[in-house]
Amino acid sequence: MSNVARIGGVFFRSNNPAATAEWYRTHLGVPVEQWDTTHGATLGEPGHEAVWAAFAADTDYFGPSKQQFMINLVTPDIVATLESMRAAGVEVADQIQESEFGKFAWAVDCDGRRVELWQP
């Protein structure tokens, strides 16, 4: 089984992502920017960054559930991780999405939360 290497990000729903971003920027110094409809920041040292992102309360990015947050986990081999999870009976998405940031896939944990896997 391919293990996860680190947390790649924490994504959460917000009733007002802009106000939430401003609160974190003002009170904690988080360098939040607007990314399309999301407000986010990349934190950490190069090669070990993590993303903090506030999504609109009605986002469908977290899947069909009403979960309030989603964790992004970095894996060195997304295919092996998904194969191992499928073999263990875990619900995983059928497709791997690729972008300029790497490969992304999703699984559902034992509590029904969507978890994002990322291979940079």
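Residues of region 2-24 that are over 13 Å from residue 115 (Cα atoms) and of a type in the set (A, V, I, L, M): 5, 18, 19, 21. Filtered by the rule that a residue be closer than 19 Å to residue 102 by Cα and either polar (S, T, N, Q) or in contact with a Ser or Thr (Cβ under 7 Å, 6 or more places away or on another chain) (or both), region 39-83 gives 42, 49, 51, 53, 72, 75, 76, 77, 80, 81.
Number of residues in region 73-102 that are in contact with a Leu (Cβ under 8 Å, 6 or more places away or on another chain) and not β-branched (Val, Ile, Thr): the value is 2. Of the strands (runs of 3 or more DSSP E) lying entirely inside region 47-120, the ones with 1 or more residues being in contact with a helix residue (DSSP H, G or I) (Cβ under 6 Å, 6 or more places away or on another chain), in contact (Cβ under 8 Å) with a residue 40 or more places away in the chain and among the aliphatic types (A, V, I, L, M) are found at 50-56, 114-119.
Of all residues in region 15-37, those that are buried (at least 19 other Cβ atoms within 10 Å of the Cβ) and out of contact with any Lys or Arg (no Cβ under 7 Å at 6 or more places or on another chain) total 2.
Would it be correct to say that residue 40 is crowded, with 16+ Cβ neighbours inside 10 Å, within 15 Å of the chain's Cα centre (by Cα) and either β-branched (Val, Ile, Thr) or in a strand (DSSP E or B) (or both)? Answer is yes for this residue.
A short reminder: the numbers here are calculations on the coordinates, not readings from a lab. Please read these numbers as outputs of a predicted model, since none were measured by experiment. As a convention, Cβ positions derive from the backbone with ideal geometry for all residues, glycine included, and neighbour counts pool all protein chains shown.
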